[in-house]
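What follows draws every value from the coordinates through simple rules; no lab data is involved. Values in this document were obtained by computation on a predicted structure and should not be read as measured data. Because the Cβ atoms are built from the backbone with ideal geometry, glycine has one as well, and the counts that use them run over all protein chains shown.
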Amino acid sequence: MTRPATVGDSIVNWFMPVVPQARIAILRTVIYLFVIIDMHLIVRDPIPLSRQPELYSPLMVARLFHLPTPSPAITITLYVVLWVSCLVAAANRVPRLAGLVVAAAFTWWTSIGMGYGKVDHDHLALMVALWVLPTAGVVAGRWRDTEPSARAGWALKCIQIAVVSTYFLSAITKIRSGGWSVTSWPNSAILMWAIIRRPHGLGQYLMDYPMLLRGMQWMAFLAELTSLVVLWLRGRALLVAALFWLSFHVFTVAILYIHFAPTLVCWLAFAPLERCAPRVRRVVASRRERAGRGAARQPMPVGRDQAVDHRS
């Protein structure tokens, strides 16, 4: 006789859904390879900035762990450690050890880069991903592994919550800073100010339509405020929500040249990535089969010594 499900069981199942281990294995590879890209294209200046220690203002994490003031020796060492550990973790080798090294090193690397200026909230989900991926365990390490795992589901759920929190907490910050008054964030001219500050892209063509810009602000604000709903969507509804936020970020890039690449890559935590490997294998097998048939149709070249001498 089975025990009836309780509210506690529902909560546990929501936080720890059982998913194929291949899903976390593929996400590992993508996330750790993206960290290497992030080091070179986004948070790319810790090494040159470390030559100006007098401009460094340590973040709370640096003060909490008493991290030393960055220097070229420290940042170059971090760079090398990140390269090696990311490649090892991306190959799903010793995922716990390599993952923890990447999480610690990249947290320090990012805190150095943002200790010389503003803190970008687009790295929230990526940071959470780096710290929870090692908890998925050693066994979840193959792209083809279809064995179900609750630990993998817990790691994915944490990343999903971090992705949605990036938007929801942004809305909460807007309310705290401006409230609901006439001068609140949605009613302000913040988008106009941002376009004037970055006069390029499609934004410069929207400056003559202030009401349209204000409507866009309200749409973005309401979308952020209701973003928590995404955590309970499934199937096509989840796909529509993901496409909406992808379009949202494409729009911000087109208007302001502001991207959220670290957040976007973490949206893959919502995707059934385990379906990728079989499809890739089918495509590769199909191409090999077509190539084999094409080679079989071609006539074999006849060598000079194999030619028939009709003169005899």
Out of Ser71, Val119, Ala291, whose Cα points farthest toward the positive end of the dipole of the chain (charges: +1 Lys, Arg; -1 Asp, Glu; placed on Cβ)? Ala291
Measuring from centroid to centroid over Cα atoms, what is the spacing of segment 189-240 and segment 81-142 in Å? 30 Å
Under-5 Å amide H pairs with Ser149, H placed in peptide plane, nonlocal only: Val19, Gln21
Based on the alpha-carbon gyration tensor of segment 77-208, what equivalent-ellipsoid semi-axes (square roots of 5 times the eigenvalues) come out, in whole Å, largest first? 38, 19, 14
Starting at the first residue of segment 245-252, write each ³J(HN,Hα) from the Karplus equation 6.51 cos²θ - 1.76 cosθ + 1.60 with θ = phi - 60°, in whole Hz, x for Gly and Pro. 6, 5, 5, 4, 6, 4, 5, 5
Take the alpha carbon atoms of segment 20-281, find their radius of gyration, then divide it by 2.2 N^0.38 Å using N residues; give the quotient. 1.09
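Need the full-extension length gain, Ile190 to Leu97, defined as separation in residues times 0.36 nm minus the C-alpha distance. One decimal, nm.
Residue separation times 0.36 nm, minus the Cα-Cα distance, leaves 29.1 nm.
For a quick check of your reading of the filter: which trypsin sites (Lys or Arg not before Pro) in segment 18-48 sit in a DSSP loop and have no more than 16 other Cβ atoms within 10 Å?
Details: sites: Arg23, Arg28, Arg44; in loops: Arg44.
Answer by residue number: Arg44.
Please work out the Cα convex hull volume for segment 1-54 and give it in Å³ per residue.
Details: hull volume 7.4 nm³, N = 54.
Each residue corresponds to 137 Å³ of Cα convex hull volume.
Please give the contour-minus-distance gain from Ser177 to Arg275: 0.36 nm per residue of separation, less the Cα-Cα distance, rounded to one decimal in nm.
30.9 nm
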In deg cm²/dmol, rounded to the nearest 500, the helical mean residue ellipticity at 222 nm of the chain, built from -39500 (n - 2.57) for every DSSP H run of length 4 or more, is -20000 deg cm²/dmol
In order over segment 208-225: 3J(HN,Hα) from phi, Karplus 6.51/-1.76/1.60, θ = phi - 60°, whole Hz, x for each Gly or Pro, gives 7, 10, x, 5, 5, 5, 5, x, 5, 5, 5, 4, 5, 5, 5, 5, 5, 5
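Quick check for me: using +1 on Lys/Arg Cβ and -1 on Asp/Glu Cβ, what's the dipole size of segment 1-149 about its Cα centre, in debye to the nearest 20? Can you show the working numbers first?
Values: 11 positive and 8 negative charges, 59 e Å.
The dipole magnitude comes to about 280 debye.
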Kindly write out, for segment 200-206 in residue order, the coupling ³J(HN,Hα) from the Karplus curve 6.51 cos²θ - 1.76 cosθ + 1.60 (θ = phi - 60°), rounded to whole Hz, with x marking Gly and Pro. 8, x, 6, x, 5, 8, 9
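Tell me, His123, His200 in order of fewest to most beta-carbon neighbours within 10 Å?
On the way: His123 24, His200 10.
Going from least to most buried by this count: His200, His123.
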Treating only Lys and Arg (+1) and Asp and Glu (-1) as charged, each at its beta carbon, one finds that the chain has a dipole about its Cα centre, in Debye to the nearest 20, of 980 debye
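Relative contact order for the chain: what is it in percent, counting Cα pairs under 8 Å that are at least 6 residues apart?
Details: 350 pairs, mean separation 71.1, N = 312.
Result for the chain is 23 percent.
Check each of the trypsin sites (Lys or Arg not before Pro) in segment 115-157 and keep only those in coil by DSSP with at most 13 other C-beta atoms within 10 angstrom; list them in order.
Here the trypsin sites (Lys or Arg not before Pro) that fit, given the DSSP loop and packing criteria, are Lys118, Arg144.
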